[in-house]
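The values are calculated or read from the model by the stated rules, or taken from the named source; none is laboratory data. A quick note: this is a predicted structure, and the numbers were derived from the prediction, not measured. Glycine also receives a Cβ, built like all others from the backbone with ideal geometry; neighbour counts cover every protein chain displayed.
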């Protein structure tokens with residue numbers, strides 16, 4: 001197999017698995033780990049992947065926000081586990097910001113019905129999931145965006161300024177080691193950046209494995225503004241280590 005064919009095969013494997021290890025590629029393609037590392041370096045320079053400690057992650061561009069209903073059905077089990085663990089992080093008496101996104105919406109489904117806390121959100125989808133009689137849910141006003149099933153705009157920002165939170169649960173469209181957390185939507189990014197700025201305590205990102213390596217056009221924040229990342233067990237260990245080196249701790253479910 002000539003180098004160009006080998007790099008093409010590596011790209012195919014990455015598209016199928018999203019993340020690979022150098023040792024696995026070396027064994028599968030019958031070449032040395034040094035050769036694989038050179039191939040990955042070349043592919044990274046072409047913008048096709050991001051190298052990690054011991055492997056690589058496929059880099060994918062999100063040009064347009066998917067429809068909310070399409071996102072609900074995708075990776076449902078991984079999102080359920082992440083949302084369930086995130087719900088356990090809400091402590092009695094605290095105010096929590098909850099971002100847009102289908103994983104974030106599911107968090108309220110798993111909150112202990114006896115929990116007394118306040119959730120401030122622009123995520124309209126979260127309302128259908130709220131069931132705890134002691135949980136106070138405040139939906140921010142603004143312009144409704146059906147594609148996101150959330151509200152945004154100047155009114156949302158104004159209402160958000162009334163609150164501070166001790167924690168933020170941040171749904172993720174894209175999480176990339178180089179680009180940080182991104183979204184294709186300016187309106188969603190502006191609300192979530194404002195939430196981060198008004199959070200006194202931890203910012204916790206919720207990212208199933210399908211979001212890893214995805215880059216959209218609008219920055220939400222870098223890893224320096226994230227305290228923890230909740231991931232499913234489909235995320236490669238080497239990638240979790242690389243995220244940890246950038247600052248946040250990783251919680252795997």
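If you go through segment 236-248 and pick out every residue that is within 22 Å of residue 21 (Cβ to Cβ) and either part of a strand (DSSP E or B) or out of contact with any strand residue (DSSP E or B) (no Cβ under 6 Å at 6 or more places or on another chain) (or both), you end up with 4. Scanning for something within 27 Å of residue 232 (Cβ to Cβ), in contact (Cβ under 8 Å) with a residue 12 or more places away in the chain, buried (at least 22 other Cβ atoms within 10 Å of the Cβ) and assigned by TED's automatic domain parsing to the domain that holds residue 212, does segment 133-144 turn up at least one residue? The answer is no; no qualifying residue exists.
Scanning segment 31-52 for residues that are within 18 Å of residue 176 (Cα to Cα) and either surrounded by 15 or more Cβ atoms within 10 Å (Cβ to Cβ) or in the same structural domain as residue 235 (by TED's automatic domain parsing) (or both) returns 40, 43, 44, 48, 49, 50, 51, 52.
Residues of segment 243-253 that are without any contact (Cβ under 8 Å) to a residue 40 or more places away in the chain, farther than 20 Å from residue 76 by Cβ and surrounded by fewer than 16 Cβ atoms within 10 Å (Cβ to Cβ): 244, 247, 249.
Each residue in segment 218-242 was checked for being over 21 Å from residue 77 (Cβ atoms) and crowded, with 24+ Cβ neighbours inside 10 Å, and 2 of them qualify. The condition (being surrounded by 16 or more Cβ atoms within 10 Å (Cβ to Cβ) and farther than 23 Å from residue 75 by Cα) is satisfied by just one residue among 183, 156: 156. When residues in segment 200-217 are screened for being crowded, with 18+ Cβ neighbours inside 10 Å and part of a strand (DSSP E or B), 9 of them pass. Within the set 193, 200, the sole residue that is in contact with a strand residue (DSSP E or B) (Cβ under 7 Å, 6 or more places away or on another chain) and either closer than 28 Å to residue 73 by Cα or at pLDDT below 95 (or both) turns out to be 193.
Residues in segment 74-102 that are over 16 Å from the mean Cα position of the chain (by Cα) and more than 21 Å from residue 122 (Cα to Cα): 92 only. Taking segment 53-80 on its own, how many of its residues are buried (at least 20 other Cβ atoms within 10 Å of the Cβ) and without any contact (Cβ under 8 Å) to a residue 40 or more places away in the chain? The total comes to 1.
Every listed requirement among (1) surrounded by 20 or more Cβ atoms within 10 Å (Cβ to Cβ); (2) without any contact (Cβ under 8 Å) to a residue 24 or more places away in the chain is met by residue 2 save one, (1).
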